[in-house]
Amino acid sequence: MKRLVNLSFVNSKTGVKRAIHKQLHRAAFTLVELLVVITIIGILIALLLPAVQAAREAARRMQCTNNLKQYMLAMHGYHDAFSSFPAGRCGPRASGGFGGIHSENYNNARTCTWSAALWVLPFMEQSARYDLYIAGVKAGNGVSCSAFYKASCPDTATFNATAREAFAALLTTPGIAAFQCPSDPMSSQPTYNDWAAAPDYPNAVNNYVTCRGDTFLHDDPSSSCFPRGMFAAKRWYGAEACTDGTSNTAFLSERCIRKSATDKSIRGGSQDGGLAVLTNPSVCAALRNGDQHTGAILTPDGQGIFDGRGPYGSFCTVLPPNSPSCTGTSMNGIVSANSYHSGGANVAFGDGSVHFISDTIDNNGGTGNYQNYSYSYSADRTAPSYFGVWGAMGTRSGGETVTL
């Protein structure tokens, strides 16, 4: 008797064997498949990388905003204690180095250079660092300076070697994180003082500067001209002086740290604009090529951590953020706010709020000049700003109705 064979079963079994055999021989990718996979991965990375970078910059910008808020809280702490905000700059200083720390020439006196950042240190949990200043002044001239400088502290001092060491520790790098914008690649790098013939000591830096308003004349404590903002040399304004309202008045902004003495970048540096910038700020605005100054670069440029002098420790609301900065004569000129945040800069207002101000903000085309600023030389100084919305933000008592 013949055995019947199920051919369909044999065929199916053979097919399975062939499929298994074929699969075993295709365990690896072909070259084409590998290239396709690599291409897909590359596209995904290209799509994700900008998003990652944007997220990191958003975090850095948020930290910068928090720094300015902390600075403003310290400002208000000072105001609560002394019924005024700190002066834009004041206090004794010896030449030959910021604070008199350069060994070759620290016995000659210069005045009114310490910025508002110094005076608010105790309100930022930095009392130990502030005490170095008090020790330096006392060692240098034998005077026990008031813990919070006003008229009781001398303008000048002859510093000795002991004072020099105290100031060296006060100004040393890496500085104070609350004064450094994390988006600025130079925020953790040292700068060098501009008064010494042979700078030899690294100073910590400060990315946050006070607003002197829409006036671009030199803030000279011995002259009759005072800026229209909330901060000026040897002037302590209380909240009552801000009749435009603290929520409408700029107090602080960012300013980038210059990369080198020859750096022509608009971010941080300044250029020689000639006397023309004092009669027409648009001349300064035109001295740019992309993100570079086209005029002769002014050297040296410091921006030390507590240097309050006009070009280094302040900004004016004449040209919008990330515009060129120009000096016309002496320290007269236009110092623009700037930052490494795309499209503008963070600005802190008197009520403690921080707003991102676009570099396209209205400034009335930069028209107006200091010769027309009769209020710059008078006791009134209450005329509206020539410089549009941006100028109005800088004045403390311009009577403008512009709000954010």
Where does each of L171, L298 land when they are ordered by accessible area, with a 1.4 Å probe and the largest first?
L298, L171
How much of K69 can a 1.4 Å solvent probe reach, expressed as accessible area in Å² and rounded to 10?
80
Summed residue charge, Cβ within 10 Å of C181's Cβ, Lys/Arg positive, Asp/Glu negative
+1
How far apart, in nm, are two points set 7 Å out from the Cα along the Cα-to-Cβ line at L44 and at A169?
5.5
Heavy atoms of V283: accessible area, 1.4 Å probe, square angstrom to 10:
50
Can you pull the one-decimal nm distance between simple spin-label points at S353 and N66, each 7 Å off the Cα toward Cβ?
2.2
Could you give the length gained by full extension between T279 and R56, i.e. 0.36 nm per residue of separation minus their alpha carbon distance, to one decimal place?
76.1 nm
Which order do H76, H341 take when ranked by solvent-accessible area (1.4 Å probe, heavy atoms of all protein chains), largest first?
H76, H341
Length gained if S83 through A296 is fully extended, taking 0.36 nm per residue and subtracting the Cα-Cα distance, is 72.4 nm
Just the accessible area for S183, please: 1.4 Å probe, Å², rounded to the nearest 10?
20
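The values are calculated or read from the model by the stated rules, or taken from the named source; none is laboratory data. Keep in mind that what you see is a predicted model, and the values were worked out from it rather than measured. As a convention, Cβ positions derive from the backbone with ideal geometry for all residues, glycine included, and neighbour counts pool all protein chains shown. Areas reflect the complete protein model, heavy atoms only, side chains present, ligands, DNA and RNA absent. Shrake-Rupley method; radii C 1.70, N 1.55, O 1.52, S 1.80 Å.
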